[in-house]
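*Asks:* Once you've had a glance at the structure underneath, I'll fire off some questions.
The values are calculated or read from the model by the stated rules, or taken from the named source; none is laboratory data. Since the model is a prediction, treat every value here as computed from it, not as a measurement. So basically every Cβ, Gly included, is an ideal-geometry build from the backbone, and we count neighbours across all protein chains shown. Ligands, DNA and RNA are stripped out before the accessible areas are found, and what is left, the full protein with its side chains, is counted by its heavy atoms. Shrake-Rupley method; radii C 1.70, N 1.55, O 1.52, S 1.80 Å.
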Amino acid sequence: MTITRKDFPDRFVFGVATSSFQIEGATREDGRGPSIWDTFCREPGRILDGTNGDAACDHYHRWAEDLDLIQSLGADAYRFSIAWPRIQPEGRGAVNPRGLDFYDRLVDGMLERGLKPYATLYHWDLPQTLQDAGGWANRDTAHRFAEYARLVAERLGDRVTSYATLNEPWCSSILSYQIGEHAPGLRNRKLALAAAHHLLVGHGEAVAAMRDALRDAELGIVLNLQPTYPASEKPEDVAAAHHADGTFNRWFLDPLFRGEYPQDIWEAYGADVPEVQPGDLACIARPLDFLGVNYYSRGVNSANGSVRPPDSAYTHMGWEVYPQGLTDLLVRLKEDYAAPPLFITENGAAYPDELTGDRVHDPERIRYFESHLEAVAQAVRHGVDVRGYFAWSLLDNFEWAWGYSRRFGLVYVDYASQRRVPKDSALWYQGLLTGQPEGVLLPATD
Ligand code: IFM
């Protein structure tokens, strides 16, 4: 299979994605306040390898070199996130000018290199002071988020024209407040559903605030979506897959694009459902300019729980490689939700990469990217309006509860020296983007 840019529409955007906490480091510099992830990393047993984000990829200091790398890939765009605790160390009120200055420099650096900035406002690094007041389970956090969104829009709006409010609200609610794997590490379904609702209200309020501050910006949200399939045609397996789809996908898609929660799941949640105030659903369902889709794998469900198909390939995360799921998902978003224009805002795979001299050979990752890009192209051929694709991730980075033990980067990071070494997949991506199969990336850094 050889995929080329010609398989995509003319103005299709290709880029790479990262997030603030996973790469920036410098967690105590230039007035940044503590985030819930700084706190969580210090709790014993939370992070597989006992690490934290203090240094991460040191992107806060090496951003220019990292932007050079993105440019040398031939990318059109860079999806990055803004750390709320750099802008408002307390999560409310006073603004930290040095935090805004950092993103000013970063955005200017992108524009100088011909890269279009795609900003995400919240990729999980909530200011700790807001968590001390209940975090997303407290409705006030939604209002604070809209205030922060407006501050960012007012400062960057003359140069950044694309904003996603939230990254993956399923993770920052269910995974964080019910399953306990992510900060703040709680195990309480009622709080998780309150958090999910307040995240969505915060999204809606932020969209309103940014529409007010900016004339022409494109505003959207990024969801992690996982199509679910029944393990067999037995009615109980079909019902299990439908239920899993409801809790994972429809719980977020339905309020955003239909202005209602899915009735079957609402009933299943019983007394744990969130308090929905008058006007909330209209606020959540405000029209958007795009939906960002993060796709990694599918789910297969039976009445006895989730199933791992035995003949499939799996990544280092243990996630099944299933590109057809991406086509199915994109077609469904068009057919069931009449979704706005779509971007694949994340897609990629972790493998246990090894540095051999100056090379990292990662053929499985290349195959993963190729097959998923083919899946996107297939959805486009079905008439789905997909506008862009961002590979996750530019760099190996802090993979949350997995610490630095899982590598998703196109570029290998030697954390001891902070040396960056483009992997074979980076050369492959550069070949796709520039049309020059023998492209030469920036050499490994010292
Ligand atoms: O690294 C994460 C990212 O922060 C959010 N989406 C999934 C990625 C891989 O787990």
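*Asks:* Here are some residues: Leu223, Leu156, Leu199, Leu166. Which one is in contact with a strand residue (DSSP E or B) (Cβ under 9 Å, 6 or more places away or on another chain), open to solvent by less than 10 Å² (accessible area, probe 1.4 Å), within 16 Å of the ligand (Cβ to nearest atom) and free of Cβ contacts under 8 Å to residues at least 60 places away in the same chain?
*Replies:* Values: Leu223 fails: free of Cβ contacts under 8 Å to residues at least 60 places away in the same chain; Leu156 fails: within 16 Å of the ligand (Cβ to nearest atom); Leu199 fails: free of Cβ contacts under 8 Å to residues at least 60 places away in the same chain.
One residue alone meets the criteria, Leu166.
*Asks:* Here's another thing I want to ask about it. Return the only residue of Gln22, Gln71 being of a type outside the set (A, V, I, L, M, F, W, C) and touching a Lys or Arg at 6+ places or on another chain (Cβ under 6 Å). Walk me through it before giving the result.
*Replies:* Values: Gln22 fails: touching a Lys or Arg at 6+ places or on another chain (Cβ under 6 Å).
Result of the check over Gln22, Gln71: Gln71.
*Asks:* Looking at (1) away from the ligand (no atom under 15 Å from the Cβ); (2) modelled with pLDDT of 95 or more; (3) more than 25 Å from Pro117 (Cα to Cα), which is the one condition that is false for Tyr412?
*Replies:* Tyr412 satisfies all of (1) away from the ligand (no atom under 15 Å from the Cβ); (2) modelled with pLDDT of 95 or more; (3) more than 25 Å from Pro117 (Cα to Cα) except (3).
*Asks:* Additional query: Examine the range 98-112 for a residue that is small (Gly, Ala, Ser), open to solvent by less than 50 Å² (accessible area, probe 1.4 Å) and either part of a helix (DSSP H, G or I) or free of Cβ contacts under 8 Å to residues at least 24 places away in the same chain (or both), and state whether such a residue exists. Show your work before the answer.
*Replies:* Here is the first cut: in the range 98-112, the ones small (Gly, Ala, Ser) are 99, 109.
Then keep just the ones that are open to solvent by less than 50 Å² (accessible area, probe 1.4 Å); that gives 99, 109.
Now drop any that are not either part of a helix (DSSP H, G or I) or free of Cβ contacts under 8 Å to residues at least 24 places away in the same chain (or both), which leaves 99, 109.
Yes, that holds for at least one residue.
*Asks:* Let me ask something additional. Quick one: Ala338 ticks every box in (1) surrounded by fewer than 16 Cβ atoms within 10 Å (Cβ to Cβ); (2) within 16 Å of the ligand (Cβ to nearest atom); (3) at positive phi bar one, so which box is it?
*Replies:* (2)
*Asks:* In the range 313-335, what count of residues is obtained for those that are within 16 Å of the ligand (Cβ to nearest atom) and under 20 Å from Phe252 (Cβ atoms)?
*Replies:* From the range 313-335, those within 16 Å of the ligand (Cβ to nearest atom) are 314-322, 325-326, 329; that's our starting set.
Still in the running and under 20 Å from Phe252 (Cβ atoms): 319, 325-326, 329.
Looking only at that region, the number is 4.
*Asks:* With the structure loaded, tell me whether Gly357 is surrounded by fewer than 18 Cβ atoms within 10 Å (Cβ to Cβ), out of contact with any Cys (no Cβ under 9 Å at 6 or more places or on another chain), farther than 22 Å from Gly74 by Cβ and in contact (Cβ under 8 Å) with a residue 40 or more places away in the chain or whether it fails that test.
*Replies:* Details: surrounded by fewer than 18 Cβ atoms within 10 Å (Cβ to Cβ): yes; out of contact with any Cys (no Cβ under 9 Å at 6 or more places or on another chain): yes; farther than 22 Å from Gly74 by Cβ: yes; in contact (Cβ under 8 Å) with a residue 40 or more places away in the chain: no.
Against the criterion (surrounded by fewer than 18 Cβ atoms within 10 Å (Cβ to Cβ), out of contact with any Cys (no Cβ under 9 Å at 6 or more places or on another chain), farther than 22 Å from Gly74 by Cβ and in contact (Cβ under 8 Å) with a residue 40 or more places away in the chain), Gly357 does not qualify.
*Asks:* Considering only residues of the range 64-78 that are without any contact (Cβ under 8 Å) to a residue 60 or more places away in the chain and open to solvent by 10 Å² or more (accessible area, probe 1.4 Å), which is farthest from Gln436 (Cα to Cα)? Quick ask: steps written out before the conclusion?
*Replies:* Residues of the range 64-78 without any contact (Cβ under 8 Å) to a residue 60 or more places away in the chain: 64, 67, 71.
Then keep just the ones that are open to solvent by 10 Å² or more (accessible area, probe 1.4 Å); that gives 64, 71.
Working: Ala64: 24, Gln71: 15 Å.
So, considering only residues that are without any contact (Cβ under 8 Å) to a residue 60 or more places away in the chain and open to solvent by 10 Å² or more (accessible area, probe 1.4 Å), the one farthest from Gln436 (Cα to Cα) is Ala64.
*Asks:* Do we have Tyr177 as among the hydroxyl-bearing types (Ser, Thr, Tyr), modelled with pLDDT of 95 or more and not in a helix (DSSP H, G or I) here?
*Replies:* no
*Asks:* Counting only residues that are outside any loop (DSSP other than H, G, I, E, B) and under 23 Å from His243 (Cβ atoms), which one in the range 306-326 is farthest from the chain's Cα centre (by Cα)? Talk me through it step by step, then tell me what you get.
*Replies:* The first filter runs over the range 306-326 and keeps only residues outside any loop (DSSP other than H, G, I, E, B), leaving 306, 314, 320, 324-326.
Next, only the ones that are under 23 Å from His243 (Cβ atoms) stay: 306, 320, 324-326.
Working: Ser306: 24, Glu320: 19, Gln324: 20, Gly325: 18, Leu326: 16 Å.
Looking at the filtered set, the residue picked out is Ser306.
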